[in-house]
Amino acid sequence: MPWRLLKYGLKKTHDEPRFFPAAKPLKSGYDVVIIGGGGHGMACAYYLAKEHGITNVAVLEQGYIGGGNTGRNTTIVRSNYLTPEGVRFYDTSLKLFEDLSDDFDLNIFYSTRGHFTLAHTDSALRTMRWRAEVNKRHGIDSEVVDREFIAREVPYMDLDCAGHSAVQGALYHAPGAVARHDAVAWGYARGAYNRGVEIHQKTRVTEIRTQGDQVVGVQTDRGFISCNRVISMVAGSTPRITEMVGLRTPIEIFPLQACVSEPVKPFMDTIVVSGSLHVYVSQSSRGEMVMGASVDPSVLHSTRSSFDFVEGLTDKMLDLFPFMSRMKVMRQWAGMSDITPDFAPIMGKTPIKGFYLDGGWGTWGFKATPVSGKTMAWTIAHDKTHELIEPFRLSRFADFDLVGEKGAASVGH
Amino acid sequence: MTSRLDPQPLEWLDRNETYRFTFEGQAYTGFRGDSVTSALLACGQTLLGRSFKYHRPRGALTLANHDVNALMQSADATNIRADVTPLQAGLDLRACNVNGTLVNDRDRFIERLSAFLPVGFYYKTFHKPKRFFPFWERKIREKAGLGSIDTRWTARRQAKSYGFCDLLVIGAGASGMQAALTAADAGLDVVLVDENPRIGGSLDYQLANDADAAPVRERLKTGVEGHANIRVLPSHYAAGWYTDHYVPLSGPTGIIKMRAGAVISATGVMEQPSVFRFNDLPGVMMASGAQRLIARHAIRPGKRAVVLSANGEGYRAALDLLQAGIDVAAVVDLEQGAERGHWASQLAAARIPVIEGHAIYEAQGKGRLERVIVAPFDGHRCNPATAREIPCDLLLMSVGWAPASQLLYQAGARLAYDDTLQQLLPQQLPAGIFACGRLNGAFSLEQRLADGQRAAKDACAHLRGESLQPDLAACRDTRAHSHPWPIIEHPRGKNFIDFDEDLQLKDLVNAAKEGFDNIELIKRFSTIGMGPSQGKHSNMNGIRVLASVIGRSIDETGSTTARPMFHPVPVSDLAGRRFRPERLSALHDRHLGLGAQMMEAGAWLRPEYYGMPDQREPSILREVQAVRTALGLIDVSTLGKIEVMGPDAAKLLDGSYTMRMSTIRTGMTRYALMVDDSGVIVDDGIVGRVAEDRFYVTATTSHSEATYRTLSRHIVEWGLDVRLVNRTGVLAAMNLAGPHARQLLAPLTDIDLAEDAFPYLGMREGQLCGIPVRLIRVGFVGELGYEIHLPVDAAATLWDRLMSAGAEFGIRPFGVEAQRVLRLEKGHIIVGQDTDGLTNPFEAAMAWAVPLKSKPYFVGRPSLALLKARCSRKLIGFRLPKGYSGERPKECHLIIENGEMAGRITSIAYSPSLGQLIGLAMVDLPLAEASLSLSVCVDSGDLIQIEPCALPFYDAEGKRQTADLTEVA
Amino acid sequence: MKLFDCPVIGKRPISEFDYCGEVRRPPLDADETAWADFVFNRNGAPQVLREWWYHRPTGRWYIMERDTLKDEVQRFIDPQEVRYDIPA
């Protein structure tokens, strides 16, 4: 048993330091204000402090730390994207993830599981090959595998899908992983707090003030903060924030739902995604099956759950895993996703001086947490968009120069 | 050893029917009407399960579907909740989550390590060094989870049904039944649902022996069961509330999806435990749990009891124990001198000692309760210095209630803490949602009945469309039934807040002190409320603890969101019947008869090729050759087929497609390419002009519905006078292609097939084999070809006639694969294969289909005008040398230039007509237009050379599409 | 499940509809910037939006003004209100 547990056991008192600061008043100004206390915002604060020595920073969170999509996603980390820019970006993120526990001295339960994206049609299989070829070019462990391989790795899956849309093959991504999503936000938050960053929960931004085209401050429900550099790192509220500075973006908000089963003894170590059936599943270290599907079909700014979601999900899931019919769904929930037309994020500087944007994270924001924080911190520190995120600039839409991720449009968690 | 009581007046048992079952390998018997738990208790088996983390012994707690420490599994089910699962003959059950047997669980040692496992310990350990984490994770995963599953279990699917009602009343206790009656009397169509197999709610256990309740029970039960306007649904629980009062009711025969006009939640309250050391020992249970055991199952839950109380209900429970012949050693009241009502007076008359101002400091016993330590309590803490010991084998906790408010929260209700009742109560309810009964703070029977009536009247008014200001507080009690702090510290801990997760008081306090001092954060860090009971008996105490640590009120502290499901719902029932609609062409049987291998194309099944799977390649080659040299017939019924009629028909098509359609002459067709606003190709097909104001449009199989939708929307937004008819399902289509096509058709039709009478791209209507048909001269596969559109019911007849008449020409049916080769030889793209989600027509080498100069507008035109000058890639043809025998490139292999990706192959096939591999590739500019040779990286990693070439590969002048066999032979 | 109380066809569940986004009018004489704005940018903040909803079983289009925060339909729009002419 690790010796640190010994320490806890032998001490009479529990004198662990705080992860996060107790609530305190806002200062009148900061060098940088980060809107959004989720994984991205906390990571940005952390890297600003750690790598750029910028610590006069306030993270403003309208709810609680990690309470948005950081705490609502299904925790999958992978880098088997279709475009070179996507692959480079997400692979950087994955490599950062691998060292985060060490970096934080906090176990984020980063667990490499292997990630199958099933192909049920020949056209899906073609897309898998496309992704595999691009991945291999960039040194990513990713390959198209046949039914025999899948049957060996996931022997309890019905590859014939009960006789309709049989699995023909899959894209297998061995580094695909899961992590404790909350712990990622907490680790970044603690690291930022320990370096002097202020974290203000239950603090809602109501207005961003500009003079000319320069940001000069942020109005919150707890008072005004003067500040020349503001970054929006929210999810589901990006259009509300960009509207404050008069910035138009393609982002629309669609709910994304998920559910978990009652816990059962772990039997499934891999992550399985089916684009055709629009479902994905992994088993958490508590033993719950964590399941999700694609975003809801219409715009909605709400985290309400729908019954059709859980009906559709379970119906499809039984095609792959018939035995799951005897398990029970315990809880469902929803998050709000920023959806962009090319399924790629919007990052970097904007036409408003001092206003930076990190949004459009759709359904894939969690896996980008470390790299987003790191590149956005660099961008703020240098007032220059980091080269890794240059392809994700807002102006790509005005230039008709979209990111090609849409080429392989499918559910892809 | 039996703990069975004499028959109880309201018991659920059928004592004439005895069931045998086994638990942990040991045989037991019980009665019909028992739950698994009650049957085991009747036989003296009080150890029912082990706790999740420490594997501590646990027994019965609530008997209300919250006993998640008494989970069992069998050969064909898991996580069975013994407290509410009806006993059945032959059940063979084992405890969940034990290592070895329930009695000798080898994981009991974990409890001894508990001091080393503080809250969130796993976040702070196991990660250094990194390489050891997989080892530790494996160990942790071995201990995780509850019941086991068997991956060989087959799929169960339980059909769902729909229900409709004016008013759904959830909970058939006193207030719910009264609400249902009042509403039904007012003429509403009412559904009354209750999760228990019998209605009555707490009337039947808490008030089972209360004389005042008897006539009320009789009136309500008879009333609702006999009422023409009330449907009573026992054994169903409302799984969740969803938008517009859509409430799935989960029951033993599946889910009823109930759509209600309004909903009354009469879901009652959930009894909450007192937190003290070893409050989890078997023998410690909720007072209401013991009352359920006695009244429903005639179980004597113990021999000598102590009742811990902070309300009148505890005294009622003590009376019930006495009536069941159980010694009541004492009632311990948390408060001094509190008014506890007439039950307390009755108890006093029975000379049962009441120890006021005391709490249970500690429960003791080896594996089950043997004694309690009672100590003075000042409302905040105990003073153990003057503690006394009371031997007992049963301790009932009656210290407070939490509202079963899950559905209210899901509907968007706001609850607020009421200092009088020391309970969360509804403060603001959304439209159409009502609450009554103990959930709403109405505790006495009179209050509950009045509150049920009030809620029903409010619901009636709402359904009549009247605006109302409900007085939620009208019938509320003025006395607390919950203690604000039933929580007793102990230096040695094991005072459990959450039984699901084995969380102790100090775990929550420490989590809050570490900065997780927000209700949601503390939940996520400590996992309180995340177990299978979803916090039903832990959240309220958790909020009390957090509020106390941070020095805030309950309302300021807040509560976590209650999400569906109310109780976990079987996946079999959620999934329901499997429905995978499959569309079959009218010629499906013909294809099967001819040995076709079918493939899925969207919802359709289409022949991939005809022949045995081991003859795939040669079969496809033969089909291609038949089309090129003789005659082929392919079923293309899956194409979208839309009639466009009206004065503005041409205008609609001009605006919707890139090319001009208004200039098509009657009887002619034109290629139709559809792009979206951003200029991306979304569909292609043909448009044919039937008459001045009438067109016939085809669309690709997968996009036909969307194309119909798009056209119909343009009609609305452009204000056009056009009507559309989607005839995809009522028309079949087949393409007869090959040099003998005209020869075959000519004698069978009244249409003049002469080249000048019916030229390439022409469209004619007439009779073919006596069947009304529309013929279109198409060129997709690059031979003389006629696409024949006809009513589905005549399709098989025509197919047979053509196949038999074509025999002399060597006709062959051909499938999708052969068609892919044939069109590739002609350089025709397949939308979705040669294009991706961002491809525009310039990139697809189809600039000829984008008449920017001559058309001022069509959807996507402004984008294409911008994109024309800034394409970065282009679709090109390529070939490999004849006789190439190296590794074959595949679709989506990458083009590599100077070590960098420069494109990909989108289509590749062996062309029997050319005797070499040919294909299409999307290649970056300027490479696409500048290079004489490109490198492709194949599976082995080798780079092989391909040669760009002009399109089409075959019959560049297009002579074969327009000529007779005699002219090209 | 959400219900839409539609003219002509009455209350129907949302699952019978295809959501087809905000009702927008292409700026036909736009410059490049304005055109790109039309093609890609959206009014993404919570507000009352005019939206296209297609009822699959009847093949009928409905234009509704819906509050995307509360998910409430405020009114149905006469198609005449959204029509525009396209250059021939």
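Computed from the coordinates by the stated procedures, all read-outs in this text should not be read as laboratory data. For clarity, every value in this text was computed on a predicted model and none was experimentally measured. As a convention, Cβ positions derive from the backbone with ideal geometry for all residues, glycine included, and neighbour counts pool all protein chains shown.
Brief remarks follow.
- Set the Cα radius of gyration of region A:44-187 against 2.2 N^0.38 Å, with N its number of residues, and you get 1.27.
- Two-site label geometry, C:E81 and C:V8: point separation in nm, points 7 Å out along Cα→Cβ: 1.7 nm
- Considering only region B:67-225, percent of DSSP beta bridges that pair antiparallel, nearest 5: 60 percent
- Shielding of peptide A:257-264 by partners, expressed as the average count of other chain Cβ atoms within 10 Å per residue Cβ, is 6.
- Rg(Cα)/(2.2 N^0.38 Å) for region B:388-504, N = residue count: 1.35
- Those residues of region B:292-306 whose amide nitrogen sits under 19 Å from the label point placed on B:T18, 7 Å along Cα→Cβ: B:297-300
- Prolate/oblate/rounded label for region B:314-373 (Cα gyration tensor, a/c 1.5): oblate
- Span from the region B:94-143 Cα centroid across to the region C:10-24 one, whole angstrom: 50 Å
- Stokes-Einstein diffusion coefficient of chain B, Kirkwood radius over Cα pairs, 25 °C, 0.890 mPa s, in µm²/s: 72 µm²/s
- For region B:575-641, trypsin sites (Lys or Arg not before Pro) meeting the loop criterion (DSSP other than H, G, I, E, B) and having at most 13 other Cβ atoms within 10 Å: B:R577.
- Added length on full extension, which subtracts the Cα-Cα distance from 0.36 nm per residue, B:L468 to B:R198: 93.8 nm
- Panel values: region B:158-268, Kirkwood radius from alpha carbon pairs, Stokes-Einstein at 10 °C and 1.306 mPa s, translational diffusion coefficient 114 µm²/s.
- Classification of region B:640-733 by its C-alpha gyration tensor yields a rounded form. The axis ratio a/c (a ≥ b ≥ c) stays under 1.5.
- Zone of A:D141's modelled label, taken as backbone nitrogen in region A:150-177 under 17 Å from a point 7 Å along Cα→Cβ: A:150, A:153-154, A:171-177
- With the alpha-carbon atoms of region B:16-77 aligned to their principal axes, the span from lowest to highest coordinate is 40, 25, 22 Å, starting with the largest.
- Inter-site label distance for B:A115 and B:S345 at 7 Å from Cα along Cβ, in nm: 5.3 nm
- Global geometry of region B:273-399, whether rounded, prolate or oblate, following the gyration tensor of its Cα atoms and the 1.5 cut on a/c: oblate
- Rounded to 10°, Cα long-axis angle of helix B:312-323 versus longest principal axis of chain B: 70 degrees
- Taking chymotrypsin sites (Phe, Trp or Tyr not before Pro) across region B:770-861, the ones in a DSSP loop with at most 15 further Cβ atoms lying within 10 angstrom of their Cβ are B:Y857.
- All C-alpha to C-alpha distances of region B:635-822, sorted into 10 Å bins beginning at zero, yield P(r) values of 9, 37, 35, 15, 3, 0 percent in whole numbers.
- Across chain A, Cα-Cα distances exceeding 28 Å account for 47% of all pairs.
- Spread over its residues, the convex hull of the C-alpha atoms of region A:252-337 is 94 Å³ per residue.
- Taken over the Cα atoms of chain C, the convex hull encloses 117 Å³ per residue.
- Sparsely packed loop sites in chain C (the chymotrypsin sites (Phe, Trp or Tyr not before Pro) outside DSSP H, G, I, E and B with at most 13 other Cβ atoms within 10 Å) comprise C:Y84.
- Projected over all directions and averaged, the alpha-carbon convex hull of the protein assembly as shown occupies 55.3 nm².
- Listed pairs B:K53/B:K523; A:K316/B:K160; A:K316/B:K890; B:K303/B:K366; A:K136/A:K316; A:K367/B:K128 exceeding 24 Å between Cα atoms: A:K316/B:K890; A:K136/A:K316
- Spatial separation of Cα centroids for region A:292-315 and region B:300-320, in angstrom: 46 Å
- Relative contact order of region B:273-399: 34 percent, from C-alpha pairs under 8 Å at least 6 residues apart in sequence.
- Each residue of region B:436-449 was assigned a 3J(HN,Hα) from its phi angle through the Karplus curve 6.51 cos²θ - 1.76 cosθ + 1.60 (θ = phi - 60°); the sequence is 8, x, 4, 3, 9, x, 8, 10, 6, 4, 4, 4, 5, 5 Hz, with glycine and proline shown as x.
- Of all DSSP bridge pairs formed entirely within the protein assembly as shown, close to 75 percent run antiparallel.
- Converting phi to 3J(HN,Hα) with the Karplus coefficients 6.51, -1.76 and 1.60 and the offset θ = phi - 60°, region B:699-708 yields 9, 5, 3, 7, 10, 5, 5, 5, 5, 4 Hz in sequence order, with x at every glycine or proline.
- Modelled FRET efficiency - R0 56 Å, B:R660 with B:S161, Cβ distances, 0.05 increments: 0.55
- Compared with the dominant principal axis of the Cα atoms in chain B, helix B:816-825 is inclined by about 50°.
- Inter-chain shielding of B:137-149 (mean C-beta neighbours from other protein chains, 10 Å cut-off): 6
- With R₀ fixed at 60 Å, the C-beta to C-beta distance from C:R60 to A:N194 puts the FRET efficiency at about 0.50.
- Peptide A:185-191 has a mean of 2 when you count, residue by residue, the C-beta atoms of other protein chains within 10 Å of its C-beta.
- Fraction of beta bridges assigned by DSSP in chain A that are antiparallel (%, nearest 5): 70 percent
- Sequence-distant residues sharing a close amide H with C:G21 (under 5 Å, placed H): C:W52
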